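Novice: Sharing a structure here in structure tokens format.
The values are calculated or read from the model by the stated rules, or taken from the named source; none is laboratory data. It should be emphasised that the depicted structure is a prediction, and the values quoted were computed from it without experimental measurement. Cβ atoms come from the backbone with ideal geometry, glycine included; neighbour counts cover every protein chain shown.
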Amino acid sequence: MKLVIAIVQDEDSIDVTEALTEEDYRVTKLATTGGFLKSGNTTLMVGIEEEKVQAVIDIIKNICKKRKETIVTSSAFGGNEGGYTQQYPIQVDVGGATIFVIDVDQFVKI
Ligand code: 2BA
């Protein structure tokens, strides 16, 4: 058995979860935060048989879109006195999705 862990953007999470559920996959959705942008994203966990991994990745791939996010960063110039800080925007491409596939040693449902 495999565990697919997919980090997707919040905007895509409902559509992906619905698409996976419609195809009878069991999904757990976690509210997560990206370390770089420090904004919300969604992590999905899907436990499946190895032969279904590619089908799950394809569903995620078909729905999750790349988007541009703008963050404002700043640089300090000069010393403590008389120095100044300049702020400037940086654009980063986020997503479609970041996917990890890991082996499951044991799967127990009680
Ligand atoms: P964040 O860490 O908030 O990163 C958002 C986007 O910022 C990234 O999009 C990437 O385009 C950019 N970025 C991240 N770190 C950067 C850096 N050190 N320098 C320049 N740009 C940087 P994605 O690569 O699509 O990642 C989306 C989210 O997926 C990430 O949100 C993070 O929550 C997760 N993620 C990505 N790679 C990961 C990994 N190797 N391990 C764990 N989580 C990961």
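Novice: Can you pull out the residues in the range 70-102 that are at pLDDT below 90 and either under 30 Å from GLY47 (Cβ atoms) or in a loop (DSSP other than H, G, I, E, B) (or both)?
Specialist: GLY78, GLY79, ASN80, GLU81, GLY82, GLY83, GLY95 - these are the residues of the range 70-102 that are at pLDDT below 90 and either under 30 Å from GLY47 (Cβ atoms) or in a loop (DSSP other than H, G, I, E, B) (or both).
Novice: With the requirement that a residue be in contact with a strand residue (DSSP E or B) (Cβ under 6 Å, 6 or more places away or on another chain) and either assigned to a helix (DSSP H, G or I) or modelled with pLDDT of 95 or more (or both), what does the range 58-69 give you?
Specialist: ILE60, CYS64
Novice: Quick one: in the range 4-42, of everything that is aliphatic (A, V, I, L, M) and not in a strand (DSSP E or B), which residue is surrounded by the most Cβ atoms within 10 Å (Cβ to Cβ)?
Specialist: VAL16
Novice: Going through the range 43-54 one residue at a time, which ones are assigned to a helix (DSSP H, G or I) and either over 16 Å from ILE5 (Cβ atoms) or within 15 Å of the ligand (Cβ to nearest atom) (or both)?
Specialist: GLU51
Novice: Let me spell it out: the conditions are (1) within 16 Å of the ligand (Cβ to nearest atom); (2) exposed (fewer than 15 other Cβ atoms within 10 Å of the Cβ), and MET1 meets all of them except one. Which number is the exception?
Specialist: It fails just one condition, (1).
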